[in-house]
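Heads up, the thing below is written out as C-alpha cells.
The values are calculated or read from the model by the stated rules, or taken from the named source; none is laboratory data. Remember, it's a predicted structure, so these values are computed and weren't measured experimentally. Please note: Cβ atoms are built from the backbone with ideal geometry, for glycine as well, and neighbour counts cover all protein chains shown.
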Amino acid sequence: MRAGSVSGIYLIGARYEKFGIPMSYEWVYVGRSNSLSRRLIEHLPINEANPLLRSWIRDIGDELIVRFAIVPESDTSKTEMVLVRTLAPKHNRIMFKTEKENEYYIKYA
C-alpha cells in the first residue's frame with residue numbers, strides 16, 4: 001500500500017457548540033474511498049462536483065467537521081450503507097434498500 005492510498009469511510013457535517021461544548025452534529029454526506037486523501041481533496045469547495053454539497057461546505061463556516069475511519073477495502077461498501085441508512089445524510093445521492101422494511105432510502109443532491 002502506498003502512502004495516501006488508505007481505504008476507508010468519511011463523514012462531512014457540522015458540529016454545533018454552546019460554551020465550547022459540542023451539543024449536536026449534523027452529518028450531510030457519507031462516502032467511501034480506496035484513497036481517503038485523494039477523495040477528501042475532491043471535496044474541497046473548489047473541486048466539489050455536487051453543487052448542493054459545495055454550497056453547503058462554503059456556507060457552514062467554522063462548524064464544518066470531517067471525520068474518517070480507516071476500514072478494510074472489503075468492508076467499505078457495507079459500512080457506508082449502514083451509515084447512510086442510520087444517518088440519512090441530506091447530500092448523498094445513494095439509494096439503499098432495507099431487507100426488513102422493504103423501503104428505499106434515497107438521497108439526491
*How many residues are of a type in the set (Ser, Thr, Tyr), within 19 Å of ARG85 (Cα to Cα) and touching a residue at least 60 places away in the same chain (Cβ under 8 Å) if we restrict to the range 1-53?*
1
*Considering the range 40-88 alone, what residues qualify as being aromatic (Phe, Trp, Tyr) and more than 13 Å from ILE9 (Cβ to Cβ)?*
TRP56
*asked:* When you check ARG58 against the structure, is it touching a Pro at 6+ places or on another chain (Cβ under 9 Å) and farther than 24 Å from THR79 by Cβ, yes or no?
replied: yes
_Pair list, Cβ under 7 Å, 6 or more apart: the range 54-74 residue part of a strand (DSSP E or B), other residue among the aromatic types (Phe, Trp, Tyr) and crowded, with 16+ Cβ neighbours inside 10 Å_ = VAL66/TYR10; ARG67/TYR10; PHE68/TYR10
*Specify the residue that is modelled with the lowest pLDDT; the eligible residues are those in the range 81-93 that are closer than 11 Å to TYR29 by Cβ and either assigned to a helix (DSSP H, G or I) or not charged (D, E, K, R) (or both).*
ASN92
*For the range 18-33, name all the residues that are of a type outside the set (Gly, Ala, Ser) and surrounded by 13 or more Cβ atoms within 10 Å (Cβ to Cβ).*
TYR25, GLU26, TRP27, VAL28, TYR29, VAL30, ARG32
*Answer with yes or no whether TYR10 is surrounded by 11 or more Cβ atoms within 10 Å (Cβ to Cβ), at pLDDT 90 or above, touching a Phe, Trp or Tyr at 6+ places or on another chain (Cβ under 6 Å) and not in a helix (DSSP H, G or I).*
yes
